[in-house]
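Asks: One structure coming up, written as structure tokens, with questions to follow.
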Amino acid sequence: MPIQTLDDLAVQGTTLGVRIDINSPLTESGTLADDARLVAHVDTLSELLERGGKVAILAHQGRPGSDDFASLSAHAERLDELLSYPVSHCDATFSAEARRAVANLRESEAVVLENTRFYSEEYMEFPAEQAAETHFVDSLAPELDVYVNDAFAAAHRSQPSLVGFPTRLPGYAGRVMEQEVDVLGDIEDTPRPRTYVVGGAKVSDSIAVATNVLERDLADHVLTAGVVGNVFLFADGADLGDASADFIHEQGYWDYIDDAADLLETYSERIHLPEDTAVERDGERVELSREEFPPKEDEAAMDIGEETIRAYSRVLRDSGTVILNGPAGVFEDETFANGTRELYTEAANAEFSIVGGGDTAAAIRQFDLDGFDHVSTGGGACLRMLTGEPLPALQALSR
């Protein structure tokens, strides 16, 4: 879809509303525990400020009721440190105070407006035309000349700050958004064999990805792991025990076992299942082959085992492109981090490698891995692109 980028924008003296995604983990005291998402937007913000723009930054942190639902004051302070231009914070988003803060901006200055989700309209999803008429957009849009969306990680949402402003104002993609679309939109052009690693706990999204890439012949191999792998094992008739079954039930994933079974029936030669799993027994890591299933009653599958790591590593070693989407186990616990670490290390050596955001990106930071060609900033948005579903924020920009 045709989208204008910063290359098409005359910035000097222009007042820009720039939507970024800096939703970050916070410490108990409310400070930033990780600034990776802020760092991702430095190029876009630096370019706009260097070119003489007056930048009003829109962003969110957490969601109502969550422990990380907080002000953006700490984010503004960190952006002021990261950028070579002054960044201030305004504790309002579209009130008279916020509008004055935007109107008073000088060239090459930025202000971070308050958490957009402090206002109920932003936590709702609307069609673009309706979002453009919300009180939020209606109040702030007159203070802006153009709108720039760099928040790829939120592009699958249809909220006012994402789809309302570009309906009222000329819309442009920031550098993060531009790069994500360029890479994820051209999967068909990447080298083969092409391998997708679908893991983690987002079973519905992962099965949608697997279905899409198999039906479209985008995938030569699909390696299953994590909770996703457990669902496929149950679909294949394996008994992973009561603890794993109960977890899948509790998360509402049991019905997806039938979907996994349908995929196995049609694409069994391309879908790879774990050959063994790791459980916790008396405080230790114990690996069980399929012949040794089921585990004891209270033992859940927490990671893939060494046999699976070796088999999957062989596939990854022979792949031209690897797309990582979800960890292989409970990587936050060092006892069960081995599967994720080993697979990701192997994937980084592929001719072309993509990291699909969210927990996947968190894992590569935890293991201090590099060498990947593209690390997506968005989990849900990345999944949407990989399944061919439209992203509302991109549709709004292309209007």
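The values are calculated or read from the model by the stated rules, or taken from the named source; none is laboratory data. Note that the structure is predicted; figures quoted are calculated from it, not measured. Note that we place each Cβ from the backbone using ideal geometry, even for glycine, and neighbour counts take in every protein chain shown. Surface accessibility is based on the protein's heavy atoms, side chains included, excluding ligands, DNA and RNA. Shrake-Rupley method; radii C 1.70, N 1.55, O 1.52, S 1.80 Å.
Asks: Kindly provide the helix-only [θ] at 222 nm of the chain, computed as the sum of -39,500 (n - 2.57) over DSSP H runs of four or more divided by all residues, to the nearest 500 deg cm²/dmol?
Replies: Result for the chain, helices only: -10000 deg cm²/dmol.
Asks: With every protein chain present, what is the per residue accessible area of the stretch 40-125 (1.4 Å probe, Å²)?
Replies: Solvent-accessible surface per residue comes out at 44 Å².
Asks: Taking the Cα centre of the chain as the origin and placing charges on Cβ (Lys, Arg +1; Asp, Glu -1), which of I257, G329, A110 is farthest toward the positive end of the dipole?
Replies: A110
Asks: Roll a 1.4 Å probe over the protein heavy atoms and report the accessible area of E342 in Å², nearest 10.
Replies: Solvent-accessible area, nearest 10 Å²: 80 Å².
Asks: Related question: Where nothing but the Cβ of Lys and Arg (+1) and of Asp and Glu (-1) is charged, how large is the charge dipole of the stretch 245-380 around its Cα centre, in debye to the nearest 20?
Replies: The calculation lands at about 620 debye.
Asks: What residue among Q179, A208, Q12 has its Cα farthest toward the positive end of the dipole of the chain, where the charges are +1 on Lys, Arg and -1 on Asp, Glu, each on the Cβ?
Replies: Farthest along the dipole direction, towards plus: Q12.
Asks: Would you tell me the accessible area of C90, worked out with a 1.4 angstrom probe on the heavy atoms of the protein chains, in Å² to the nearest 10?
Replies: Here the residue's solvent-accessible area equals roughly 10 Å².
Asks: Another question, then. Just to be sure I understand: of the beta bridges DSSP finds with both ends in the stretch 17-133, what percent are antiparallel, rounded to 5?
Replies: 10 percent
Asks: Now for a separate question. Please compute the contact order of the chain in relative form: average sequence separation of alpha-carbon pairs under 8 Å and at least six residues apart, divided by the residue count, as a percent.
Replies: 16 percent
Asks: Express the relative contact order of the stretch 233-381 as a whole percentage, based on alpha carbon pairs under 8 Å and six or more residues apart in sequence.
Replies: It rounds to 18 percent for the stretch 233-381.
Asks: Something else about it: Could you tell me which residue out of A348, G305, G379 lies farthest along the dipole of the stretch 264-399 toward its positive end? Charges go on the beta carbon: Lys and Arg +1, Asp and Glu -1, centred on the Cα centre.
Replies: Checked the options; the winner is G379.
Asks: Expressed as cubic angstrom per residue, what is the convex hull volume of the alpha carbon set of the chain?
Replies: For the chain, the hull spanned by Cα atoms encloses 139 Å³ per residue.
Asks: Could you please state how large a percent of the accessible area of the chain is carbon and sulfur, counting protein chains only and using a 1.4 Å probe?
Replies: Result for the chain: 42 percent of the exposed heavy-atom area is carbon or sulfur.
Asks: What does the charge count near L26 come to, summing +1 for each Lys or Arg and -1 for each Asp or Glu among other residues with Cβ under 14 Å from its Cβ?
Replies: With Lys, Arg at +1 and Asp, Glu at -1, the net is -3.
Asks: Can you tell which of S71, S158, S84 shows the greatest fluctuation in a Gaussian network model of the chain with Cα springs below 10 Å?
Replies: S84
Asks: Identify the GluC sites (Glu not before Pro) of the stretch 6-87 meeting these criteria: DSSP loop state and at most 13 other C-beta atoms within 10 Å of the C-beta.
Replies: E28
Asks: If you count the DSSP beta bridges with both ends in the chain, what percent of them are antiparallel, to the nearest 5?
Replies: If I count the DSSP bridges inside the chain, around 20 percent turn out antiparallel.
Asks: Taking every pair of distinct Cα atoms and averaging 1/r, then inverting, what Kirkwood hydrodynamic radius in Å comes out for the stretch 15-91?
Replies: One decimal place: 12.9 Å for the Kirkwood radius.
Asks: Sticking with this structure for a sec: Could you order Y256, Y196 so the one with the most accessible surface comes first? Probe is 1.4 Å.
Replies: Result of the area sort, largest leading: Y256, Y196.
Asks: Restricting to Cα pairs below 8 Å that are 6+ residues apart, what does the relative contact order work out to for the stretch 230-298? Please round to a whole percent.
Replies: 38 percent
Asks: So, one more: With only Lys, Arg, Asp and Glu charged, each at its Cβ (+1 for the first two, -1 for the last two), find how big the charge dipole of the chain is about the Cα centre; round to the nearest 20 debye.
Replies: 1620 debye
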